[in-house]
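Novice: My questions all concern the structure below.
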Amino acid sequence: MKLNGQEIPTPFENPKIEYISISRSERAVTGRMRTETVATKYSISLNYKGLKPENAKMFLEPHKSKQLVEFEFVDCYGNHKIKAYVTVSGHELYSPKPQYHANIAVTIEEA
């Protein structure tokens, strides 16, 4: 897996890939609801037990700036390269060395 062309560290747990369906619903003339799927996007969850400062910056900087990143990964359907947003939902500072991050959860969501 790569983020903006850089290899990312291997997560503690297997990456969790979810598919998010974006749909639109409207009522037809007959009164029935009709739902149309507009797009299906990827959401990838990565969990780390600990990250060094330079690895944590790879995720924290795009999260803070809310900029789009290029994320590459491989699954059973082949290679994928998507434009995505990075969300860091929580992390702890490792007490002996506060520059290290512990228990960090990263979500990569396709734009």
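The values are calculated or read from the model by the stated rules, or taken from the named source; none is laboratory data. Values in this document were obtained by computation on a predicted structure and should not be read as measured data. All Cβ positions, glycine included, derive from the backbone under ideal geometry; neighbour counts span all protein chains shown. Surface areas here come from the heavy atoms of the whole protein model, side chains and all, with no ligands, DNA or RNA. Shrake-Rupley method; radii C 1.70, N 1.55, O 1.52, S 1.80 Å.
Novice: Provide the per-residue ³J(HN,Hα) series for the range 48-61, in order, calculated from phi with Karplus coefficients 6.51, -1.76, 1.60 and θ = phi - 60°, each as a whole number of Hz, with x at glycine and proline positions.
Specialist: Values per residue, Gly and Pro as x: 10, 6, x, 9, 6, x, 5, 6, 5, 4, 4, 9, 5, 5 Hz.
Novice: For the charge dipole of the chain, defined by +1 on Lys and Arg C-beta atoms and -1 on Asp and Glu C-beta atoms about the Cα centroid, which residue among Gly5, Ile20, Met58 has the Cα displaced farthest towards the positive pole?
Specialist: Ile20
Novice: Please compute the Kirkwood hydrodynamic radius over the chain, one decimal place, Å, based on all pairs of different Cα atoms.
Specialist: 15.7 Å
Novice: While we're looking at this one, here's another question. So which trypsin sites (Lys or Arg not before Pro) in the range 29-92 end up in coil per DSSP with only 16 or fewer other C-beta atoms within 10 Å?
Specialist: Here the sparse-neighbourhood loop sites are Arg32, Lys66.
Novice: Of the cross-linked pairs Lys16/Lys81; Lys2/Lys97; Lys49/Lys83; Lys2/Lys81; Lys66/Lys97; Lys16/Lys64, which ones have a Cα-Cα span greater than 21 Å in the structure shown?
Specialist: Pairs exceeding the cut-off: Lys2/Lys97; Lys49/Lys83; Lys66/Lys97; Lys16/Lys64.
Novice: Also, I was wondering about something else. Hey, any idea what % of the chain's accessible area is carbon plus sulfur with a 1.4 Å probe?
Specialist: Ligands and nucleic acids excluded, carbon and sulfur give 48 percent.
Novice: Taking 1 over the mean of 1/r across every pair of different Cα atoms in the range 25-72, what Kirkwood radius in Å do you get? Intermediate results must be reported in sequence, preceding the final value.
Specialist: Details: mean 1/r = 0.0672 Å⁻¹.
For the range 25-72, the Kirkwood estimate is 14.9 Å.
Novice: Give me the accessible area per residue for the range 16-111, probe 1.4 Å, as a whole number in Å².
Specialist: 67 Å²
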